[in-house]
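Notes follow once the structure below has been shown.
Any read-out appearing in this document is the output of simple, stated calculations on the displayed coordinates, not a laboratory observation. Note that the structure is a prediction, hence the values are computed from the model and not measured. Here Cβ is always computed from backbone atoms with ideal geometry, including for glycine, and neighbour counts include all displayed protein chains.
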Amino acid sequence: MSLVAWLSTPFGYPFMLRALIASVLVGGLCAVVGSYVVLRSMAFLGDALAHSVLPGVAVGFLVSGRGDRHGLFWWALGTAVAVSLGVGWISNKGRIKEDTAIGIVFAGMFALGIALISTVRGFAVDLVHFLFGNVLGVSMWHVWTIVAFGGAVLLLIALFYKEFLIVSFDPTLAVTLRLPTSFYRYLLLVLIAVTVAVSLQTVGLGLMLAMLITPATSAYLLTRRLSSMMLVGAVLGAASSVAGLYLSFYFGIASGAAIVLVSIAFFLLALLFSPSRGVLRRLVH
Amino acid sequence: MHQTDAPALLVRDLTVSFKARPALSKVSFELRRGQKLAVAGPNGAGKSTLLKALVGLLPPSRGSIEIHGHAPQGHICIAYVPQRTDVDWRFPVTVRDVVMMGRTGRLGPLRRPGIADQQTVSQALRSVNLEALAGHPIHELSGGQQQRMFIARAIAQEAEIVLMDEPFAGLDVHSRDEVLAILDGLHDVTLLVALHDLSIAASHFDRVLLLNQNAVGFGTPSEVFTPDTLKSAYGSCLRMVKTDEGLLVVHDTSCTGET
């Protein structure tokens, strides 16, 4: 088989083409949003947010039945936004330490989700789809939701770029400039929540965190400004998706896992060869 | 919105408490535009607390703060230079990016910086002698350069009141003098600097506020640095001695009744 044929064969199938478009969009979107997750040390919160969506998806699953995958998206979106606002409120009101509070919400919601799904016969198969995604089953309708909601998220990040930058780098400056810091904090949480909801079908909630932080962190190692970190991260995220889908197609590996493993490989390369922070550079100097 | 005849900063009976324990108690002082105030005192005296209350980060539990005759809310003419240890130096921004952040208050939401903003930033960088490092990531800066970058940001912000928390901590003598020379050159700016080194307070500032939870002394350095006020601030016997090389702080070991 020639290289061209090897490269083009998978995408002769419409479901593979849809998977490609969806995962490239999700890979790019997650890296841009994930840049803030990385820089603000919100990795645990991002992970918790993804897992807390499960009970919402479960309720949607019970209400609308197995066939209706569109309904599930709205349930996931609603739950993600509600949880993000709740977590934002908890971490503001600190009687308990923030990460402990997030951990309790996260574990509790996740357990509730499993409990709900376990009432349905044959639940294990469906649970696996929620946990690890099923990008090969993405419909055109799903692709359009990613375009619409992902586009809205990116537009807001572009519009409030300088405000998000200040709130993330120097919250005190934000106060002296009289910026509405809580507004931007909550807005960022909601943007992460929307990103999680639209990305769920591709990598699943179990590997969501990897998509948020791995390409963004690789980009962090390779760049020196936030805007270029987002751009390089988006390219790496999209590239991981493409390469992951090939691995999935030719070696029969679960697509979500394959995408994440490729992004980890990119991360290791960045860690070794980063011009300013890399391991090799340190060895040479 | 500024009243021109009002003092730049008027603080009356300011008390700030954490969990019902006062960190700062009944502090009053007044500064005119362009005056430079050193806020001195031992560790835990409330120096940082005072600065944070003035910025609006900590709410006063009693007393009042007036900036140019008005309450501090709504003013964007205050710049706060954080302690160097409070900054994430690995954040992916360049020196120029950080200085540009100062323009955000003037720009307002949804507007991008224009040519005039770029020029203001370049000029601010020139005035602290950092143009050569404008494009460098902030983790490459030395301690003195870090302080100068934040001063440039305050200039770009067009701040009229600049608060600095321990800007000289951990700086070598050369970098310290560079920062001091820049601060001496800020003429229209009312400056409040929390610091440890009483000789710097005496030689570069026209007002000193000596804190030990309450205001132990406020006035010119020679009014404040008397053996009695120093003793009530620091507990032990500190003395300022005038020498040919400036003022020296001497710990008087022969002093009786030392705590």
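Here are a few things to note about the model shown:
- Zero-based 5 Å bins, Cα pair distances in the range A:15-270, whole percents: 1, 7, 14, 18, 19, 17, 13, 7, 3, 1, 0, 0
- For the residues of A:155-166, the average number of beta carbons from a partner chain within 10 Å of their own beta carbon is 3.
- In sequence order, the range A:242-256 has phi-based couplings of 4, 4, x, 5, 4, 4, 4, 5, 8, 10, x, 8, 3, 4, x Hz under the Karplus curve 6.51 cos²θ - 1.76 cosθ + 1.60, θ = phi - 60°, and Gly or Pro positions carry x.
- Evaluated at q = 0.07, 0.09, 0.13 Å⁻¹, a Debye calculation over the C-alpha positions of the protein assembly as shown (equal weights, vacuum) places log10 I(q)/I(0) at -0.52, -0.77, -1.22.
- Within-15-Å neighbourhood charge of residue B:43 [Cβ basis; K, R +1; D, E -1]: -2
- Three-way shape call for the range A:97-155 based on the alpha-carbon gyration tensor, with the a/c threshold at 1.5: oblate
- For B:93-101, mean number of other protein chain Cβ atoms within 10 Å: 4
- Diffusion coefficient, µm² s⁻¹, Stokes-Einstein with Kirkwood Rh over alpha-carbon pairs of the range A:145-211 at 10 °C and 1.306 mPa s: 122
- Among residues other than residue B:103 with Cβ under 13 Å from its Cβ, the summed charge is +2 (Lys and Arg +1, Asp and Glu -1).
- Charge context of residue B:135, other residues only, Cβ under 14 angstrom, K/R +1, D/E -1: 0
- What the Kirkwood sum gives for the range A:120-277 is a hydrodynamic radius of 17.2 Å, with every pair of different alpha carbons counted.
- For the protein assembly as shown, the dipole from Cβ point charges (+1 on Lys and Arg, -1 on Asp and Glu) about the Cα centre works out to 1260 debye, to the nearest 20.
- The value of relative contact order for the range B:9-222, using C-alpha pairs under 8 Å at least six residues apart, is 31 percent.
- Within the listed set A:192, A:146, A:253, the residue fluctuating most in the Gaussian network model of chain A (springs between alpha-carbon atoms under 10 angstrom) is A:253.
- Computed over the alpha-carbon atoms, chain B gives an Rg to Rh ratio of 0.98, Rh here being the Kirkwood radius from the mean inverse distance.
- Comparing B:230, B:39, A:73 along the charge dipole axis of the protein assembly as shown, the residue lying farthest to the positive side is A:73, per the Cβ-charge model.
- Springs join every pair of Cα atoms under 10 Å in this Gaussian network model of chain B, and among B:185, B:114, B:41 the largest mean-square fluctuation is at B:114.
- Beta bridge orientation in the protein assembly as shown: antiparallel %, DSSP, nearest 5: 60
- Whole-number D in µm² s⁻¹ for the range A:220-285, Kirkwood Cα-pair radius fed into Stokes-Einstein, 4 °C, 1.567 mPa s: 102
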